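Enquirer: What follows is a structure written as structure tokens; I'll ask about it next.
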Amino acid sequence: MAETFLSIQGVRKAFGATVVVKDFNLDVAPGEFISFLGPSGCGKTTMLRIVAGFEEPSAGRILIGGKDVTNLKPNQRNIGMVFQAYALFPNLTVAQNIAFGLKVAGTPKAETDARVAEMLGIIKLPEFADRYPYQLSGGQQQRVALARALAPKPRLLLLDEPLSALDAKVRLSLRDEIRQIQKKLGITTIFVTHDQEEALSMSDRIIVMHDGHAEQVGTPFEIYNHPATRFVANFVGTLNVLDGAVADAAAGRVRVDGGEIVLAQPLDGAKSGDAISLALRPEAISLGRANDGDTSLSGQILDVHFLGSVIRVRVGVGRSVVSLDTFNNSSAPPPAVGERTDISFAARDLLILK
């Protein structure tokens, strides 16, 4: 990375004997959108709170713009933060909520009014300036919370699961708006979520967290297509796992239920008879016999789920159950439950789980 704006160096956090963040290191470029992704209890929100200054690290340090801010209070870090709960002041109007941080900072009234008007335009709520929070929908309230955080022109924006309290349609719309606003303002952003789709669709890079440490750091493409560990592969996206045994390590041949798979590369360090787990994404599998060079396995249709543009088919292959996705075709009905079928896939799409 050519330039670093936020640097998290060797951060550790323990509550008594419980260590919740372990030797966390990350450099973030100016204007980058980073997501901390992981299940509950993985340490992602604690790490965000350490960056914000709400928690003190047990070890390590935080640098923003090259300055060590580890021992500074939250209000000394020039950070904007948006929480899951909107936390708007119920007795203040939308405009007054947005202006709050500016007034606390002693910004002149004319400058404050201009900035509030600008933020109302950015969040597309200019006509709501005089309304109170109870008169707004959840999505509108979260937009106001975002505008309030951005109004003082912070150097860094922190978002702690800001969409999780919203319904699915509003969540989808608002995540796109947040990303557009972030790009427009060019503000460095850290977004905490347990929702893989949010992280994949919004981020420049994703930090997948597990048991207090960064399991993998990469672009959405890298995280999804080239997971570094079994945990990442299982947590991000739907995954099919085929358990087998090495038949010929040098040739990359593996025995699985329903047949044999030839991998795209030899299994260095393995020997015949070793257990091995292979994984495939649903979209990498097709119904029917393989093309030349691809692998086919025989199975039986267990169930079919119509999901609109996509049909999810589950196929029993020996003792394994494999899910695959196929596009809906109005002129071709989906396969019937109980049918015998072949599934096929390319060796290059197989992941070897560690």
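Enquirer: Return yes when Phe83 is at pLDDT 95 or above, closer than 22 Å to Ala165 by Cβ, open to solvent by 20 Å² or more (accessible area, probe 1.4 Å) and under 24 Å from the mean Cα position of the chain (by Cα) and no when it is not.
Expert: For Phe83, the condition - at pLDDT 95 or above, closer than 22 Å to Ala165 by Cβ, open to solvent by 20 Å² or more (accessible area, probe 1.4 Å) and under 24 Å from the mean Cα position of the chain (by Cα) - is not met.
Enquirer: Any residue that is under 23 Å from Phe54 (Cα atoms) and of a type in the set (Val, Ile, Thr) - is there at least one of those in the range 147-170?
Expert: No, every residue in the range 147-170 fails to be under 23 Å from Phe54 (Cα atoms) and of a type in the set (Val, Ile, Thr).
Enquirer: List the residue pairs whose Cβ atoms are under 6 Å apart, where the first residue sits in the range 80-100 and is polar (S, T, N, Q), the second is open to solvent by 40 Å² or more (accessible area, probe 1.4 Å) and outside any loop (DSSP other than H, G, I, E, B), and the two are 6 or more positions apart or on different chains.
Expert: If the second residue must be open to solvent by 40 Å² or more (accessible area, probe 1.4 Å) and outside any loop (DSSP other than H, G, I, E, B), the pairs left are Asn97/Arg148.
Enquirer: Where residues in the range 54-69 are without any contact (Cβ under 8 Å) to a residue 24 or more places away in the chain and part of a strand (DSSP E or B), which of them is surrounded by the fewest Cβ atoms within 10 Å (Cβ to Cβ)?
Expert: Of everything passing the filter in the range 54-69, Lys67 is surrounded by the fewest Cβ atoms within 10 Å (Cβ to Cβ).
Enquirer: Among the residues of the range 90-140, how many are under 30 Å from the mean Cα position of the chain (by Cα) and farther than 20 Å from Glu177 by Cβ?
Expert: 1
Enquirer: Run Arg148 past the list (1) in contact (Cβ under 8 Å) with a residue 60 or more places away in the chain; (2) more than 26 Å from Ile64 (Cα to Cα); (3) basic (Lys, Arg) and report the number of the one that doesn't hold.
Expert: Here Arg148 meets the rest and fails (2).
Conditions (1) open to solvent by 60 Å² or more (accessible area, probe 1.4 Å); (2) under 16 Å from the mean Cα position of the chain (by Cα); (3) hydrophobic (A, V, I, L, M, F, W, C); (4) within 28 Å of Gln142 (Cα to Cα), marked per residue:
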position	(1), (2), (3), (4)
Asp176	yes, yes, no, yes
Ile187	no, no, yes, yes
Tyr224	no, yes, no, no
Leu242	no, no, yes, no
Val262	yes, no, yes, no
Gly269	yes, no, no, no
Leu278	no, no, yes, no
Ile285	no, no, yes, no
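Enquirer: Next question, about the same structure. Just wondering, is there one or more residues in the range 103-119 that are open to solvent by 20 Å² or more (accessible area, probe 1.4 Å), among the aliphatic types (A, V, I, L, M) and not in a helix (DSSP H, G or I)? Explain how you work it out, then say what you get.
Expert: Restricting attention to the range 103-119, the residues satisfying the condition of being open to solvent by 20 Å² or more (accessible area, probe 1.4 Å) are 103-111, 113-115, 117-118.
Then keep just the ones that are among the aliphatic types (A, V, I, L, M); that gives 104-105, 110, 114, 117.
Going one step further and asking which of them are not in a helix (DSSP H, G or I), we end up with 105.
Yes, some residue in the range 103-119 is open to solvent by 20 Å² or more (accessible area, probe 1.4 Å), among the aliphatic types (A, V, I, L, M) and not in a helix (DSSP H, G or I).
Yes/no per residue for (1) within 30 Å of Pro30 (Cα to Cα); (2) in contact (Cβ under 8 Å) with a residue 12 or more places away in the chain; (3) open to solvent by 30 Å² or more (accessible area, probe 1.4 Å):
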position	(1), (2), (3)
Leu200	yes, yes, yes
Asp204	yes, yes, yes
Gly212	yes, yes, no
Val217	yes, yes, yes
Pro220	yes, yes, no
Phe235	yes, yes, yes
Gly252	no, yes, no
Arg255	no, no, yes
Gln265	no, yes, yes
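Enquirer: Looking at this structure, is Lys169 closer than 28 Å to Val104 by Cα and either of a type in the set (Lys, Arg) or open to solvent by 10 Å² or more (accessible area, probe 1.4 Å) (or both)? If you could, list the steps in order and put the result at the bottom.
Expert: Working: closer than 28 Å to Val104 by Cα: no; either of a type in the set (Lys, Arg) or open to solvent by 10 Å² or more (accessible area, probe 1.4 Å) (or both): yes.
Taking the combined requirement at face value, the residue does not satisfy it.
The values are calculated or read from the model by the stated rules, or taken from the named source; none is laboratory data. All figures in this text were calculated on a predicted structure; none of them were measured in a lab. Quick reminder, even Gly has a Cβ in these numbers, built from the backbone with ideal geometry, and neighbours come from all protein chains shown. To get the accessible areas, we keep the full protein, side chains included, count just its heavy atoms, and leave off ligands, DNA and RNA. Shrake-Rupley method; radii C 1.70, N 1.55, O 1.52, S 1.80 Å.
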